[in-house]
Each structure stands twice: as structure tokens, then as C-alpha cells.
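The values are calculated or read from the model by the stated rules, or taken from the named source; none is laboratory data. Quantities reported herein were computed from a predicted structural model and do not represent experimental measurements. So basically every Cβ, Gly included, is an ideal-geometry build from the backbone, and we count neighbours across all protein chains shown. Just so you know, the surface numbers come from the protein's heavy atoms only, side chains and all, with ligands and any DNA or RNA stripped out. Shrake-Rupley method; radii C 1.70, N 1.55, O 1.52, S 1.80 Å.
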Amino acid sequence: MAQESPKNSAAEIPVTSNGQLEDSHEHGFNRDLKRSLPVGLGLSETKITSHDFDSTKEGVVEAGPFPGGRAQQKSGPVVLADEVKNPAMEKLELVRKWSLNTYKCTRQIISEKLGRGSRTVDLELEAQIDILRDNKKKYENILKLAQTLSTQLFQMVHTQRQLGDAFADLSLKSLELHEEFGYNADTQKLLAKNGETLLGAINFFIASVNTLVNKTIEDTLLTVKQYESARIEYDAYRTDLEELNLGPRDANTLPKIEQSQQLFQVHKEKYDKMRNDVSIKLKFLEENKVKVLHNQLVLFHNAIAAYFAGNQKQLEQTLNQFHIKLKTPGADAPSWLEEQ
């Protein structure tokens, strides 16, 4: 006769009439379950306690030692703290706000270009900005022409020096024309020297105007761009608030109107701050521009006038007045014309 297969003890747990498990089978059930658990899971000290079916602790798994073991520990549901923030969600929220802001600003720009939207205009400030941009273009043209003059003057000075060296060489090799070649050699060398002095003044003028145009004015125009962006944002949120105020006021629209009012106030404060910053920078820029250009224009005029008048002493005094040091080779011996 074939041996009867053992039955699952869990299926034979008797239940009393009031719905409770019989105590005589509780330890047997725990023992069978303990044998069925894998050893590698580290659950050798785990036991399951049964309770009344109407108990609030039904099905609770208690981890802890049996009598004589270590202190009992209870496991429970894992609850994430509210303070834990997800960086991915924060980035997603920032992207959402940026996209919404970009959409509003783009809509405002298109609306203004189509002549449908209104824009906030500070007439006095806008006029000053237009003058600054126009002056920047004119200063850039002066800078370009001065650089061209410097390049041409450098080539002329280089040619004069080479010509002076050629005359000096022929003066030594042509005894019958020694004196004539000598005069021309000294003249060309003197012109080259004065040209180098004038070149130093022109290059100093170029460096100062370049700093004014490409650093000082450019920094102010950067602030102007930030001001214009703040103005577009301000008008975009102002338009949204105006549209909401024209619509119905109910339980659904009132929170939107309140939120729109808060965003409008934030961008209004930003716009006012940027407008004040631009006004201050324009004022300081004008003072600095007048001071710099006054000195540089005086330098340029005096150097050019002294050079073409042949007044070498006045030319050198002009450079000393503006503390300009020339980067020239070692001092040459005085020429025949300089000794006269």
C-alpha cells in the first residue's frame, strides 16, 4: 500500500467557533513555517504571532529573538520624511517655470511687433539709451580709422628707417657723394624717430578709446539688455493680470488672479530695480566718457600738430604730459641735424 503524502499543516489549522485559532496549533504552525523559510535569508529569528481576526495588528511580522536571544526588534512600514526632496522633481519644476516664462515673453514680443500689445516706455531713459548706442557706433568708426592710421604710419616709419640705413651705407661707399647721402640718411632717421614718437601717442589713444568702447560702454549696454528683458517680463505678466481682471471672478479664477498678482509684483520690482541701475550707469558713463575723451583728444591733437610742424621737442613733451613710455630700441647717437 502506497504511503500517504504528508499534508500541509497550514491547511489543517483548526478555528474555534468565535473565529480564533486554537492555541495548540499555533506553535506547530510557527515551527513548520520556520522550516520552510530559506536559511540564507537570515530569518532564523523571525516568528509570526496570530491574533484575533478583529485585531488591528492582524498579519504583523515581528522580527526578534526567541526567549534567551537578543533584544527584540519590531519592523514596520517605511515612511519617507516630508523633508526629503527629489532633485529631479526640483529641476523639472525649474524647467517648467522657465518654459512658462519664455512662452509669456515670446508672446509679448510677438504681440508688440504686431502692434497688438502695449509696452511700458520710459521716454527719457529710452532716449539716453538710443544716444549711447549711436555714439558707440561713431566711436567704433573713429577707433577703426585710428587703427588704420597707426598701421600706415608704422609702415611709413619702417620704410623711412630702411631708407635712412641705405643712405648711410652709400655715404660710406661713395666718397664723392658722402655729404649728400649723409644729409638724407640723417633726415630719414630723424623722421623715423619722430614717427615712432607719434606712433606711441596714437597707439595710446587707440588703447584708451578701445577700453571706453569695448569695456565701459559695453558693460553699460549689457545692463541695458538686462533692463529690456526685465521690461518684457514685466509687461507680459502685467498683460496676464489685466486679462484675468477683465474675466469673471469665481472660485476657480480668484486663486489664479491672486497668483498672477504676486508674479506681477515680483517682476515689477525687478523692472524698477533694473531701470534704476541703468540710470545710474548711464550717469557715471557720461562723466567717465567726457573725462577720458577730453584727455585723449588733447593728446591726439598736440601729437599730430607737433609731428607735422617738425617740433620734436613739443612732440616729446606731449608724451611726457600723458606719461607715455615708448617701446623703442636702444637710443641712437644724435644725428647731424639734431646737433645743429
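Note on region 82-175: Cα Rg divided by 2.2 N^0.38 Å, N the number of residues, gives 2.55. Here the Karplus curve 6.51 cos²θ - 1.76 cosθ + 1.60, taken at θ = phi - 60°, turns the phi angles of region 122-139 into couplings of 9, 4, 5, 5, 5, 5, 5, 5, 5, 5, 4, 5, 5, 5, 4, 5, 5, 5 Hz, with x standing for Gly and Pro. The residues of region 126-198 present an accessible area of 63 Å² per residue when probed at 1.4 Å with all protein chains retained. Take D277: with every protein chain present and a 1.4 Å probe, its accessible area is about 50 Å².
Note on Y234: accessible area is roughly 30 Å² with a 1.4 Å probe, heavy atoms of protein only. Within the accessible area of region 178-273, the carbon and sulfur atoms contribute 55%, probe 1.4 Å, all protein chains present. Restriction of the trypsin sites (Lys or Arg not before Pro) in region 239-294 to DSSP coil positions whose beta-carbon has at most 14 other beta-carbons within 10 angstrom yields R249. Compared with the direct C-alpha span, the chain from W98 to N252 gains 53.0 nm at full extension, assuming 0.36 nm per residue. Annotation: amide H of G117 within the under-5 Å range of E112, sequence separation 5 or more or interchain, hydrogens built in the peptide plane. Between H294 and A88, the simple label model (points 7 Å from Cα in the Cβ direction) yields a spacing of 6.4 nm.
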